[in-house]
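Asks: First the structure, which I've put down as structure tokens, then a few questions once you've had a look.
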Amino acid sequence: MKKQHFFSFVLATLSFVAAKSLEEVGVENYYYQKATNFYKEDGYFDLIHPTEVNVLPMGVSSFSDLTSMDSTHLVGIVPNSGEVVFLDLIDYSISSKLSLGSDHKFVAISKIDSTLILMDSESKVHFLLPPYDVNSFASSNNTKENFNSVGICLHQSTKRLFLISEVQEKEEGQFSSFLYAFNLNKNQLRDEPIFEINSTDIETFALNNNLSLPITFVTNSGDTIQGLDFNPSAIAVHPKTNEIYILSSTDRSLIVYNQFGEIVNYTTLDSSIFPRPSGMTFQENGDLLISNSELLNPSIVKLKWNKLYQSLEGHGLIFGR
């Protein structure tokens, strides 16, 4: 009973702001209004010249996912073990390891205010409040049958969680996954996805914008084609643009969607800087952090968000000028 009361308190805390907004504008118009009225900041990332590349300390193999706790701390998930640790960004040391028992193997992480949101290998969502120990840990039992997720993040402006489903092959060389919303007010995952993430759509966007694709395929008929080895590993929402970034680790692809499921940018990450990208998160100022799970030199790459005070024809650029 104590656990249930605690979980109810967690949900009440997380959903208060969203609930008040829903009362004002109504359920039907709430998400649309929040999306269309967001003031988007123009800017860009220079992916070729990162601001910092910091190797993780000894004893930490890599981070499969991470989230920004504040300007000086990250929280990361160690792959294989599923442990959750705090990383100090001042001296790049592990400041503490969360003791949550061995019942869950965590694979993805996000944050809302001071509450950590964790997803385990069974795609169950968990909440962890300060002081971040087993006594402040609550689990959601509301799961979707046969649903496997590979990433989770918070959509701050609507106080929803975004979950990206495991990729599925539709046809030869064509892959897709879906973006779902977890409603914090109702403590449930919506049955219908927000939009589909389709490799064919990404390839079409890249070709139409003269962007190179990373993989060469030979089909069963012997034809050689350029394409993606599409396999999403992480998702994050840019705090300055409200755009949804999706990282495909296997081919080092970074795809950007607007809130309505339209592709707005795509790029391939340089293998010398991002040998094996795995997780990503944004800091409040818009800077992007990407973890590399390279065996010998696991690292965190920091990319500065460069705000544009005046942009060409009123449109900000995301990757380069």
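Taken together, the values in this text are just the output of simple stated rules run on the coordinates, not laboratory data. Note that the structure is predicted; figures quoted are calculated from it, not measured. Cβ coordinates were reconstructed from backbone atoms using ideal geometry, including for glycine residues, and neighbour counts include every protein chain displayed.
Asks: Taking the Cα atoms of region 150-207, what is the range of coordinates along each of the three principal axes, in descending order and whole Å?
Replies: Projected onto the principal axes, the Cα atoms of region 150-207 cover 39, 20, 17 Å.
Asks: Do the alpha carbons of any pairs in LYS186/LYS304; LYS40/LYS97; LYS144/LYS170; LYS159/LYS240; LYS124/LYS307; LYS105/LYS144 sit beyond 27 Å of each other, and which pairs?
Replies: On the way: LYS186/LYS304 36 Å; LYS40/LYS97 36 Å; LYS144/LYS170 21 Å; LYS159/LYS240 16 Å; LYS124/LYS307 37 Å; LYS105/LYS144 18 Å.
Going by Cα-Cα distance, LYS186/LYS304; LYS40/LYS97; LYS124/LYS307 fall outside the 27 Å limit.
Asks: Arranged by the count of other C-beta atoms within 10 angstrom, fewest first, what order do ASP223, ASP120 take?
Replies: ASP223, ASP120
Asks: Taking every pair of alpha-carbon atoms in region 221-296, what share in percent sits in each 10 Å bin, from 0 to the bin with the longest distance?
Replies: Spelled out per bin, shortest first, that is 18, 47, 26, 7, 1.
Asks: Additional query: Using a Förster distance of 41 angstrom, determine the FRET efficiency expected from the C-beta separation of ASP113 and ASN148, and round it to 0.05.
Replies: 0.90
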